[in-house]
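What follows is a short report on a single structure.
FYI, it's all coordinate maths here, none of it is from the lab. What you see is a predicted model, and the numbers here were worked out from it, not measured in a lab. Every residue, glycine as well, gets a Cβ built from its backbone with ideal geometry; the counts of neighbours run over all protein chains shown.
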Amino acid sequence: MGDRGFTLIELIIFIVVAGLFVPLAYMAFTSAIKDSTNPESVITARFLAEKKMEEITNYDFDGIVTKYPPLTRTSYENISDYTGYQWKWTIGYITYSGNPPVISDSGSATNYLKIIVYVRNPQGYEYVVHTIVTKRPDS
């Protein structure tokens with residue numbers, strides 16, 4: 001008597017309950033996949049951010065300050081040839097102070113520039129690249 005299997009009623013109840021939960025799980029899974037970022041667009045955003053960073057840092061310190069005076073660009077601009085992609089960048093003087101050194105924005109000219117490039121892809125994901133450029137004394 002102790003070796004019983006499932007009754008037909010128990011099996012039918014299991015099938016009905018499973019029939020309700022499987023479609024719900026499938027809908028949640030497909031929704032999450034659709035909302036995930038397209039890897040190709042992330043790679044393109046990274047490429048564009050690094051391209052702009054190279055364009056800016058291609059100049060020496062004084063050339064950067066001349067071509068891109070320290071500024072904060074608060075709005076994105078569209079990138080030609082890349083529909084849906086936008087970028088902005090900030091360039092500003094920074095100072096080191098304290099022990100350990102703390103980086104802070106400075107309104108006056110120093111020998112250090114902080115450069116940050118932001119690229120937004122069509123899905124709204126933002127990729128950020130940043131660097132610090134120093135002005136070395138003449139030898």
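Quick notes on this structure:
- Applying 0.36 nm per residue to the separation of Thr131 and Phe6 and subtracting their alpha-carbon distance, the gain on full extension is 38.4 nm.
- Computing FRET efficiency as 1/(1 + (r/R0)^6) for Val22 and Gln123, where r is the C-beta to C-beta distance and R0 is 35 Å, gives about 0.75.
- Per-residue ³J(HN,Hα) for region 119-129, Karplus 6.51 cos²θ - 1.76 cosθ + 1.60, θ = phi - 60°, Hz, x for Gly and Pro: 10, 10, 8, x, 7, x, 6, 10, 10, 10, 10
- Placing a pseudo-label 7 Å from each Cα along the Cα-to-Cβ vector at Glu77 and Ala32 gives an inter-label distance of 4.1 nm.
- Additional length obtainable on full extension of the chain from Val42 to Asp62, 0.36 nm per residue less Cα span: 4.0 nm
- Theoretical FRET efficiency, 1/(1+(r/R0)^6), r = Cβ-Cβ of Thr95 and Glu54, R0 30 Å, to 0.05: 0.70
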